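A short worksheet on the structure shown next.
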Amino acid sequence: MVKMFEVFSRVFKWFGAKGATKEPQNPVEPFFMYLSVIVAYLTAFTGGLSVAWTSPVIPKFQTEENPFNHTVSTTQVAMLASFLPLGAVSGPILAGYIADRYGRKFTMMLLGFPSMAGFCILAFARIIELWYFARFLLGIGVGCYFAICPMYVAEISQNHNRAKFGCLFGVFITLGLFYPFSVGAHLIIPLYAMTCNIPLVVFLIVFGIFMPETPIFLLGKGRIQEAEAALVKLRKKKPVEVQEEISEILAAVQETQGKGGFKELLKSQQAKRALVICIGLVLIQELSGIHPVMAYLKPIFQASGTKISPDVSTVIFGMSQISSNFITALIVEKVGRRILYMVSAVGCGVACAILGTFFFLQKREVDLEGVFWLPLTCMVAYMIFFSCGLGPLAWSIVGEIFPSNVKGIGSGLTVCASFTASFAVLLTFPLISEAASMAAPFWMFTLVTILGLIFIYFMVPETRGMTLAEIQETLKKTEKTPKETPVASMESVTTYF
């Protein structure tokens, strides 16, 4: 495992060597910092598999493996699915408050226990109401991971690698989504549920013993010596060599000094703008159709009438998601957030528009035999473009853009907005598809990406290479020149390629 981490870190160091801004030409990126990020993201892996956990289990309700002494109805299956987003909405605000008051590390470890309890209940319970409760517990864990984990990673990262580490959040979620399909289908339900606890056990042991609290939180609480020790450990430097970074962090913390909470969030100009940006980005992310596409992947392929097997299509779709998330993490610091976001919005919009047109023509009984490959191509293109911007970058920005004293509560509100939108889209997608054909929702997703492109262009700043203090200074500005940033970003693309 150590060898795997070393190879992983070397790949990222090689890609991170070019294009980094406002850092030394050969920035020191020690192995321990990469290990800290990977261990923290075991919670993201757990979040992904929690979301997809029911996928291989639901078909088993019709077999001898059914753990209940009755037939599971369609309504009960729907309730099993819906209790997770309900839990995900209810937990993040409280988790954000705990993170701001008691620390990011403490909160992340605390929130591992609801998920572990949920998987244990799923393994041994024989009453479906207990399964509802277990899915609610898993939802609490998922929502809190989305709120706190990106925050922790952003606060231990450096200016030149913060975005690529943030994008890895999406990689680990995708790997977690793949686990139920690749492993869960081949295990009995109790064993499958208990294996889902393995990443959390590893996380709680390794993270609890070896990983430090974030320097930003420690300095915000006046614990300077502990912050210095954390930076020495993360950067693998001598105490005297981290004094400059401590001064930068102190400047950012003092700039946003306050008690925190809702009152401070609504009073601070940069906090309010950060909240608008983050909620806007996650609404674009959710309303552009990613969760309906994931949840109804096989029915969409079946409805398209394509000759390619739905199972094969699903595998191709999943592999494109993993690879594009990983590539985005490698190039984001060279290209910049804004340009990737805009390219992503345009690509997703075009893919949804073509797919909507395909279903529209299919309903009109136009012969589409010659383009049987088009639905799969559009879906793969959609996932590639989504994974290069709209997907992973939202959580990267959430982790870095809030002032330190309201970061927890701001992230919690953002996650609540995200899962509320997700629930609404998942609920309405099948209804709209049935009432107005499959074309209608995909054209609606296209409209969302167009509106999202406008929002990104006028509202989202480029934070590539900025310190956290500089990000807060950028948010203070009431006037901005959006044309300048994309040009700079496009120059970076030209330089890189």
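What about Glu228, is it surrounded by 16 or more Cβ atoms within 10 Å (Cβ to Cβ), closer than 30 Å to Ala117 by Cβ, of a type in the set (D, E, K, R) and modelled with pLDDT of 90 or more? It is false that Glu228 is surrounded by 16 or more Cβ atoms within 10 Å (Cβ to Cβ), closer than 30 Å to Ala117 by Cβ, of a type in the set (D, E, K, R) and modelled with pLDDT of 90 or more.
Name the residues in the range 220-235 that are among the hydrophobic types (A, V, I, L, M, F, W, C) and in contact with an Asp or Glu (Cβ under 9 Å, 6 or more places away or on another chain), would you?
Ala227, Ala230, Leu231, Val232
Flag: Leu130 matches the condition of being assigned to a helix (DSSP H, G or I), of a type outside the set (Ser, Thr, Tyr) and free of Cβ contacts under 8 Å to residues at least 12 places away in the same chain. Need a quick list: helices (runs of 4 or more DSSP H) entirely within the range 359-443 having at least 1 residues that are without any contact (Cβ under 8 Å) to a residue 60 or more places away in the chain. The qualifying helices (runs of 4 or more DSSP H) are 374-387, 407-436.
The rows are residues; the columns are (1) under 30 Å from Ile121 (Cα atoms); (2) without any contact (Cβ under 8 Å) to a residue 40 or more places away in the chain; (3) of a type in the set (Lys, Arg).
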position: Ile189; (1), (2), (3): yes, no, no
position: Ala193; (1), (2), (3): yes, no, no
position: Leu204; (1), (2), (3): yes, no, no
position: Thr214; (1), (2), (3): no, no, no
position: Lys236; (1), (2), (3): no, no, yes
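If the condition is being of a type in the set (Ser, Thr, Tyr) and under 30 Å from Arg337 (Cα atoms), then the range 161-206 contributes Thr174, Tyr179. Filtering the range 344-357 down to residues that are within 24 Å of the chain's Cα centre (by Cα) and surrounded by 18 or more Cβ atoms within 10 Å (Cβ to Cβ), which residue is nearest to Ser437 (Cα to Cα)? So the residue we want is Cys352. Among the candidates Phe181, Phe146, the residue that is within 21 Å of the chain's Cα centre (by Cα), in a helix (DSSP H, G or I), of a type in the set (Phe, Trp, Tyr) and surrounded by fewer than 24 Cβ atoms within 10 Å (Cβ to Cβ) is uniquely Phe181. Filtering Leu138, Leu168 for residues that are open to solvent by less than 10 Å² (accessible area, probe 1.4 Å), part of a helix (DSSP H, G or I), over 21 Å from Leu84 (Cα atoms) and out of contact with any strand residue (DSSP E or B) (no Cβ under 9 Å at 6 or more places or on another chain) leaves a single hit, Leu168. The sole residue among Ala163, Ala117 that is among the small types (Gly, Ala, Ser), open to solvent by less than 10 Å² (accessible area, probe 1.4 Å), touching a helix residue (DSSP H, G or I) at 6+ places or on another chain (Cβ under 8 Å) and part of a helix (DSSP H, G or I) is Ala163. The residue list Ala125, Ala95, Ala78, Ala99 contains one member that is out of contact with any Leu (no Cβ under 8 Å at 6 or more places or on another chain) and buried (at least 19 other Cβ atoms within 10 Å of the Cβ), which is Ala99. Across the range 358-373, not a single residue is classified as charged (D, E, K, R) and either crowded, with 24+ Cβ neighbours inside 10 Å or under 20 Å from the mean Cα position of the chain (by Cα) (or both).
Among the residues that make up the range 469-488, is at least one of them within 30 Å of Gly139 (Cα to Cα), in contact with a Ser or Thr (Cβ under 7 Å, 6 or more places away or on another chain) and either at pLDDT 80 or above or not basic (Lys, Arg) (or both)? So far as the range 469-488 goes, no, none of its residues is within 30 Å of Gly139 (Cα to Cα), in contact with a Ser or Thr (Cβ under 7 Å, 6 or more places away or on another chain) and either at pLDDT 80 or above or not basic (Lys, Arg) (or both). Is it fair to say Leu175 is open to solvent by 10 Å² or more (accessible area, probe 1.4 Å), among the aliphatic types (A, V, I, L, M) and at pLDDT below 90? Yes, satisfied. Scanning for something farther than 24 Å from Met459 by Cβ, open to solvent by less than 30 Å² (accessible area, probe 1.4 Å), among the hydroxyl-bearing types (Ser, Thr, Tyr) and in contact (Cβ under 8 Å) with a residue 40 or more places away in the chain, does the range 321-342 turn up at least one residue? Yes, that holds for at least one residue.
Every residue, every condition in (1) small (Gly, Ala, Ser); (2) open to solvent by less than 90 Å² (accessible area, probe 1.4 Å); (3) over 30 Å from Thr428 (Cβ atoms), yes or no:
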| position | (1), (2), (3) |
| --- | --- |
| Lys221 | no, no, yes |
| Glu248 | no, yes, yes |
| Ser268 | yes, yes, yes |
| Ile284 | no, yes, no |
| Leu287 | no, yes, no |
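Yes or no: the range 186-203 includes at least one residue that is under 27 Å from Glu228 (Cα atoms), at pLDDT 90 or above and either out of contact with any helix residue (DSSP H, G or I) (no Cβ under 7 Å at 6 or more places or on another chain) or among the aliphatic types (A, V, I, L, M) (or both). Yes, the range 186-203 has at least one match.
The values are calculated or read from the model by the stated rules, or taken from the named source; none is laboratory data. This is a predicted model, so every value here is computed, not measured. Glycine gets a Cβ as well: all are built from the backbone with ideal geometry, and neighbour counts include every protein chain shown. Just so you know, the surface numbers come from the protein's heavy atoms only, side chains and all, with ligands and any DNA or RNA stripped out. Shrake-Rupley method; radii C 1.70, N 1.55, O 1.52, S 1.80 Å.
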